[in-house]
Each structure stands twice: as C-alpha cells, then as structure tokens.
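Engineer: Okay, handing you the structure first.
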Amino acid sequence: MTRSAATIARIETKENGAIHPASAAVVPFPDPTREPGRLLAMSREAGAIVVPPLIVLTLILLVWQIAASGPKATLPTPLRIWQDAKDLIVDPFFVIGPQDIGLGWRVLTSLQRVAIGFGLAAVVGVALGALVGQSLWAMRGLDPIFQVLRTVPPLAWLPISLAAFRDSAPSAIFVIFITAIWPVIINTAVGIRNIPQDYRNVARILRLNQAEYFWRIMVPAAAPYIFTGLRIGIGLSWLAIVAAEMLTGGVGIGFFIWDAWNSSRLSDIVVALVYIGVIGFVLDRLVALVGHFATRGVAAA
Amino acid sequence: MIAPVAPVSHTTPRAKPAGRPFLQIDGVSKSFVRGSMVSEVLSRIDLRIDQGEYVAIIGHSGCGKSTLLNIVAGLLEVTSGAVLLEDKEVNAPGPDRAVVFQNHSLLPWLTVYDNVRLAVDKVFSGAKSRKERHAWTMHNLELVQMAHAKDKRPMEISGGMKQRVGIARALAMEPKVLLLDEPFGALDALTRAHLQDSVMAIHQKLKNTVLMITHDVDEAVLLSDRIVMMTNGPAATIGEVLEVDLRRPRKRLELVDNATYIHARAGVLEFLYARHKAPTLQAAE
C-alpha cells in the first residue's frame, strides 16, 4: 500500500521536474490518448489496494459500535472514543501542561528508550551471536542458557532489574534490551554457522585476519539472518515498552496507558493502542527496508 | 596396482627442465576419522610437477581427487607424507596456491570488480599502490574478458561468466600453482568449450603451473601436458600417468582426427572404464 503510493508520487514529481526546464523551450504535449489511460490504470491499482482494508475497517467499527451500544456495555463505542479523545486523535503534538501533551510527544519519548535498549541489544546480540556461531565450545556452553532465558516474559525481568540498578530509567532500558536480544543472538549464530565452507576457504586462501574475516565475510554472509533477528527484536522491544514504562513514569506512551487505566480513561487507552500498533508496524517495515538494502545480492544468492 | 608410466605418443618426448621439481607431492596419505571409524581416502600419492606444466587429475567421483587438490591447497592436512612447493613444505592455505572452485565461490555481496579487488588488495597490500592495484584488477578481468561486467554482482551474470571471474580472482593472486577444482563441471557443453579455450590461451600466455581436477576425458586430453589417472577409493592412489604429447597451441577442431589425441583419449577411457570401472555404488553420481 505505502510502496505503491510512494511510487506514484515519485513518478508524478519526475514528470513535473521534466516539464519545468522544458517549458522554457518546447512545451511537450501530453499524449491525449494514452496519458489518461495510464493514470486511470494506476489509480485503479491503488484503489484495489486501499479500498478493501477501508471497507473491512468500516465494518469492524460498525460492529463495535453496535456491540458496545447496549446498556450493560463495559467498553466505549468508537463514537464515544471520538468525543472523549478528539484532541488526542486530531493533534499528536499539542502541549498544554507538563502531563497534558499530545501522544506524538509520548511516542517520541518511548522511541528514544527503545532506540537505546534495542541499539544495545543489536550490538551485544550480534557480538554474542558471532561468538556462539563461531565457537563450538561457546555454543555448547551458552546455547542452553539462552534457550531458557529467552522464554522469560519482559514483565518478569522488572523486579530483578530494579533490584540491580536501583533506578527506574536504566531498569526500563534493561527490560527492552533483555527482551530484544535473544532473537538477535540466535539468528546471528545460525547465520554464521550457515556460512558456506567455500567462503571460509576463500578467506583462508587470501589469509584474511580475524578483523577482515569478521567484516568482509562473516557480517555480509550472515546479514540476512542478522536482519531477521533484528526485525523480530525491534518488534519485541516495542512490545516491552508498556512493561518498561510502568516503572519509569513520566511521558512515555506505555506510561500513558498505565496512567489512563488508573484514572479510568478507557477512550484514551484505545487511542494509545492504535498509536502503538501503527508505530510498531512502521518500525518493523523500517528494519525490513534497511535489511533489504543492506543484504542486496546476498539474500537471493 | 601402480602401473609404470606409459607414454602413448611415439614422437619425441617433451623437453623437460632439469633440476628439482617445482611442486612435489611426496607419499601423501589421507585418512578421515569419524568416531571409531577410520577411512583411508588417499594412499601414498607421489607426483612431481614441473614449473609451467599443466597436469590434470582424472578419476571416478569419490576417488579422492578433490581431497588431493585440497591438500595441495593447504585446506586439508595430510595424514602422512608432505607437499613441497619450491622445496618448502606447505601445510596452510595461501595465495601462492590459488584455487578456482567448482561452484566459483564468488562473494555474492561484492561486485565482480570487488571480488577480484579483495584478492588484489590482500595479496599486494604492500607491494602495489592503490592505482597499481586498480590497474592489476582490471588487467586480470580483461584477461578473462570480464571487464565489461565489472560492476555487476555475481547473481546477475551467467555460470560461465562467474567461473571466468573466479579464474581472474585466482590469477590476480599471481599464484605459483593454479589449482582448478573441476572448474567447468557445472557448465553446459558450449560454455565449457569456450572457457577451456580461454584457459588454454591464458596458460599459453602466462606459462603458469596448473593442477586441474576433472572427470571429463576430452578436457583432460585437450588441456594437459600430463594426465594423472587415479584408482578408485577407498585408499585411492595414482594408477597411471599419461603424457599428452601434442604441440601447443592446440586447436580443438584440428585434434578431432589427430592420432596422438585419439590414442591418448583411448588410453584414459580404457583406464577408467575397463581396468578401473566405477563401483556400482558410486556409479550413480
């Protein structure tokens, strides 16, 4: 959906750009028979992608509206949410008071925490994954421990990290870190174990040293796996944000939900959930996009 | 088991440079140990190769010819015996024994140019300036007629072209011995013939020492000065060595009815299919 829209936009700007310098000399006539046909086909294609989700979304909202309209309904209807939380929906970046700000600001604060936690997890995860993938001894020693620890849910890390750090800010980042790191380690290790013997042989014949081998062979060869791990990792770290921000308080989107629950603002919670979902989707696509460019040539080989 | 060297040709034998052999494989045996099982793959291989000589090793699949090549490359260690290059024992891989692998082994994330440049940068980091390394990379790509595709990635070019780049990468290391591990095995017949001609032309020009693994009789006869025929494993060894006394440059078409060529070809076929037939288990390759 997003991609085709972007393509259309790019084609249009290209055409505009081409027309501008040309207008000084010769004005190119648009082909009257073909141009509208192409535009029509393009808009039809875009419509085929955009229309179905819109219809389904409308249906869901309709069913929700009817289901939550009864006298005993516990949850607000979509219309009610619109009335209650219109300011949150319409303007993500308003600032009224220190605790009364738009959800956009809150999301940015949360993203900053995720960036630190996930960034650390990516660096440490790739390094540990490389170790486990390279050394049989390290794999036998560490793999069972990783397999057990990775099943521990984010919330369960809270008390222990609080006890260890004695401060909420680093504890929150630690929770994101410890949630995101496992898929990065495991996928990196698998990627490195799967480096074809031929590449290792090439490296041996060229007598690449450890650092050269790491950067020239290991990282690019394992890149598709590493990015799979990073993509799962960013998803998990975004999942952990609510748990992490129950600790820190302040302005994060996770804390906003916790706070809204404590003051029974159900409509605000629903809006925040949509925000979290959309941002999570964008993060996932962002990592996938970076991976797509970083692994050019390797993934298809 | 070991038959005496039987020169097939009746013309004058090739003049050989006197002195010590350039590459010497000295009583090399190789066993693989898996648990309590010990399987001997190669048994007492002796071979001397002169500088500039083109030697092919032929045998049925599973006879350990690739193992032998990997030992010369230093990728595998000998169980007993030794490989000597210019009187120095080799037991680790190095650019002086560059390998062209059967499946090309180009790094898919690098362009054709960068694949060769990586080798050039590594081997000549001290000896050549940046500009010289670029020129040397391009020179080798031109040698295999691949300069036009220098910015392509391996997945964007055909199998034959990949193998050409693999050869360019190996040649760019200026190896003392060029090791070819069934370099044309994965190619179709026409591409293969084309590439064989290229390798012959390059060998003619650079006079490099080549050790080639193959299971193609025509290829062995066409390209080599000597054909080393291996017996079947386990414990494979050299069964016979055949001198191919054909003048160079050799032309594929002119050799079709050349008596020496036909004789050599028959000799190899006879060895492979009459005296050392592939065991039924290995016949299904």
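The values are calculated or read from the model by the stated rules, or taken from the named source; none is laboratory data. Keep in mind the model is a prediction, meaning the values are calculated, not measured. So basically every Cβ, Gly included, is an ideal-geometry build from the backbone, and we count neighbours across all protein chains shown.
Engineer: Among (1) farther than 25 Å from B:Leu23 by Cβ; (2) assigned to a loop (DSSP other than H, G, I, E, B), there is one condition B:Arg248 misses while meeting the rest; what is its number?
Structural biologist: The failed condition is (1).
Engineer: Quick check on region B:59-70. Is at least one of its residues of a type in the set (A, V, I, L, M, F, W, C), over 19 Å from B:Ala172 (Cβ atoms) and away from chain A (no Cβ under 14 Å)?
Structural biologist: yes
Engineer: Given the structure, is A:Ile89 touching a residue at least 40 places away in the same chain (Cβ under 8 Å), in contact with a Leu (Cβ under 9 Å, 6 or more places away or on another chain) and of a type in the set (Val, Ile, Thr)? Working first, answer last.
Structural biologist: Working: touching a residue at least 40 places away in the same chain (Cβ under 8 Å): yes; in contact with a Leu (Cβ under 9 Å, 6 or more places away or on another chain): yes; of a type in the set (Val, Ile, Thr): yes.
Criteria met by A:Ile89.
Engineer: Can I ask one more? Could you please give the count of residues in region A:204-221 that are in a helix (DSSP H, G or I), facing chain B (nearest Cβ under 9 Å) and either among the aliphatic types (A, V, I, L, M) or closer than 25 Å to B:Pro175 by Cα (or both)? Please lay out each step first, then the result.
Structural biologist: Just the residues of region A:204-221 that are in a helix (DSSP H, G or I), to begin with: A:204-205, A:210-221.
Filter once more, keeping what is facing chain B (nearest Cβ under 9 Å): A:204-205, A:212, A:216-217, A:220-221.
Cutting the leftovers down to either among the aliphatic types (A, V, I, L, M) or closer than 25 Å to B:Pro175 by Cα (or both) gives us A:204-205, A:212, A:216-217, A:221.
The number of residues fulfilling the criteria is 6.
Engineer: Specify the residue that is nearest to the other protein chains (Cβ to nearest Cβ); the eligible residues are those in region B:142-171 that are touching a Phe, Trp or Tyr at 6+ places or on another chain (Cβ under 7 Å) and without any contact (Cβ under 8 Å) to a residue 60 or more places away in the chain.
Structural biologist: So the residue we want is B:Asp151.
Engineer: In addition: So which residues in region A:68-120 are among the hydroxyl-bearing types (Ser, Thr, Tyr) and either under 13 Å from A:Asp268 (Cα atoms) or not in a helix (DSSP H, G or I) (or both), if there are any at all?
Structural biologist: A:Ser69, A:Thr74, A:Thr77
Engineer: Have a look at A:Val251, A:Val242, A:Val282, A:Val271 and point out the one that is among the β-branched types (Val, Ile, Thr) and without any contact (Cβ under 8 Å) to a residue 12 or more places away in the chain.
Structural biologist: Only one candidate qualifies: A:Val282.
Engineer: Anything in region B:75-104 that is facing chain A (nearest Cβ under 8 Å) and either more than 29 Å from B:Lys162 (Cα to Cα) or touching a residue at least 40 places away in the same chain (Cβ under 8 Å) (or both)? List them, or say none.
Structural biologist: The answer is B:Pro95, B:Arg97, B:Ala98, B:Val99, B:Phe101, B:Asn103.
Engineer: Continuing with the same structure: Say we look at region B:114-132 and pick out the residues that are crowded, with 21+ Cβ neighbours inside 10 Å and not aliphatic (A, V, I, L, M); which of these is nearest to the other protein chains (Cβ to nearest Cβ)?
Structural biologist: Among them, the one singled out is B:Asn115.
Engineer: Name the residue, out of A:Ile279, A:Ile234, A:Ile269, A:Ile253, that is at pLDDT 90 or above and buried (at least 21 other Cβ atoms within 10 Å of the Cβ).
Structural biologist: Details: A:Ile279 fails: buried (at least 21 other Cβ atoms within 10 Å of the Cβ); A:Ile269 fails: buried (at least 21 other Cβ atoms within 10 Å of the Cβ); A:Ile253 fails: at pLDDT 90 or above.
On inspection, the qualifying residue turns out to be A:Ile234.
Engineer: Spot the failing condition for B:Asp188; the list is (1) free of Cβ contacts under 8 Å to residues at least 40 places away in the same chain; (2) surrounded by 19 or more Cβ atoms within 10 Å (Cβ to Cβ); (3) among the acidic types (Asp, Glu), and only one is missed.
Structural biologist: (2)
Engineer: Would you say A:Arg200 is charged (D, E, K, R) and either within 14 Å of chain B (Cβ to nearest Cβ) or in a loop (DSSP other than H, G, I, E, B) (or both)?
Structural biologist: So A:Arg200 passes the test.
Engineer: Next question, about the same structure. Among the numbered criteria (1) farther than 28 Å from B:Asp26 by Cβ; (2) buried (at least 19 other Cβ atoms within 10 Å of the Cβ), which one does B:His203 miss?
Structural biologist: Going through the list (1) farther than 28 Å from B:Asp26 by Cβ; (2) buried (at least 19 other Cβ atoms within 10 Å of the Cβ), B:His203 breaks only (1).
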